[in-house]
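Trainee: Have a look at this one before I ask anything.
Read-outs: derived from the displayed coordinates by stated rules, not from any lab. Fair warning: this is a prediction, and the values are worked out from it, not measured in the lab. Backbone-built Cβ (ideal geometry, glycine too); neighbour counts: all protein chains shown.
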Amino acid sequence: MLQVSRITRSFRAIMLVSVAAVALSACASNRSSSRSPDFAGLSHDASQANLAELSARYKANPKDKGLIIYFAAALRGQGQSKQAVSVLEAGMAYYKSDVDISVAYAKALAADGRFEQALNVIDDAIRPDAPDWNALSVKGAILDQMGRNGEARQLYKQAQAFAPGEASIEANWGLSFAMTQDLNSAEQHLRRAVSMPGATTQVRQNLALILGLQGQFDAARAIYAAELPPEQVAANMAYVKALLTQQNRWDTVAKAN
């Protein structure tokens, strides 16, 4: 049981990062907004520099909606979930009924482990008469982190009906199966996700992880190498093999290769 719970926790952590990159573009309600940033391909130094720049810009203009969302996403990408929550709480004061800010706030709360509060926020953002596909997908990701995987997948199916061909929905769906150890289904959804317009580097790296956990090391390494500098590729491959060892699957995978 310890090994299973460890790898499931790992996928929950990945889901938290993945949620940061969920798109905020036009959806069923005909909203139009910018996509959420994807920081997964940045090096550590570049991430730090980007965060410092966003921090300075945010301090100069804390009411800018897009900047609020980007800065909070950058903070979450650096594991600073509490700071992200604070930024979004301030943003909620300026944009009380704004769906984009509410969704970003729910993501920040989920990243901080405050799942029930995140659900309340996201439920308030979902209009029954015109559901927002992004809000539905984010709610699914929150439910997945709470272990309510069946409910989450129903939401991904609903979100997909409003936004067919949206990579972030397929990606979250794939991670949902990964969290319940169904790696074959996870791979199928993530392969579909990476073939769709709007697929991010985070989505491609998630596919690489799933392939690596199935022993497809060359394929996983090739994807990582196309997205990351060599030292991060090596670190990610070491992480995959550590997960396999902890799951007691390393001997089986090694014999198959």
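Trainee: Can you put 168, 176 in order, fewest other beta carbons within 10 Å first?
Mentor: Neighbour counts put them in this order, fewest first: 176, 168.
Trainee: From the C-alpha coordinates alone, can you work out the Kirkwood hydrodynamic radius of the stretch 92-209, in Å?
Mentor: About 14.3 Å, per the Kirkwood formula over Cα pairs.
Trainee: Could you list 95, 58, 156 so that the one with the fewest beta carbons within 10 Å of its beta carbon is first and the one with the most is last?
Mentor: On the way: 95 17, 58 21, 156 26.
Ascending Cβ contact count within 10 Å gives the list 95, 58, 156.
Trainee: Next question. Residues with beta-carbon under 14 Å from that of residue 150, excluding residue 150: net charge, scoring Lys, Arg +1 and Asp, Glu -1? Don't skip to the answer; put the middle values down first.
Mentor: Numbers: positive: 139, 148, 153, 157; negative: 144, 151, 182.
Once all neighbours under 14 Å are counted, the net charge is +1.
Trainee: Could you work out the relative contact order of the stretch 175-247, using alpha carbon pairs under 8 angstrom and six or more residues apart, expressed as a whole percent?
Mentor: The normalised contact order for the stretch 175-247 reaches 22 percent.
Trainee: So if I place +1 on the C-beta of Lys and Arg and -1 on the C-beta of Asp and Glu, and nothing else carries charge, what would the dipole magnitude of the stretch 65-213 be about its Cα centre? I want it in debye, nearest 20. All intermediate terms of the calculation are to be shown ahead of the outcome.
Mentor: Working: 14 positive and 15 negative charges, 54 e Å.
Roughly 260 debye for the stretch 65-213.
Trainee: Would you kindly state how much longer the chain becomes between residue 116 and residue 45 on full extension, computed as 0.36 nm times their sequence separation minus their alpha carbon distance, in nm to one decimal?
Mentor: Values: separation 71, 0.36 × 71 = 25.56 nm, distance 3.42 nm.
Gain on extension, residue 116 to residue 45, equals 22.1 nm.
Trainee: Hey, how much of the P(r) for the stretch 158-198 falls beyond 13 Å, as a percent of Cα pairs?
Mentor: That fraction is 45 percent.
Trainee: Taking the beta-carbon count within 10 Å as an exposure proxy, list 139, 82, 241, 96 from fewest neighbours to most.
Mentor: Numbers: 139 28, 82 13, 241 16, 96 9.
With the fewest neighbours first, 139, 82, 241, 96 line up as 96, 82, 241, 139.
Trainee: Please go through the residue pairs 59/107; 59/139; 107/139; 107/241; 63/96; 82/157 and name each one whose alpha carbons sit more than 19 Å apart in this structure.
Mentor: 59/107; 59/139; 107/241; 82/157
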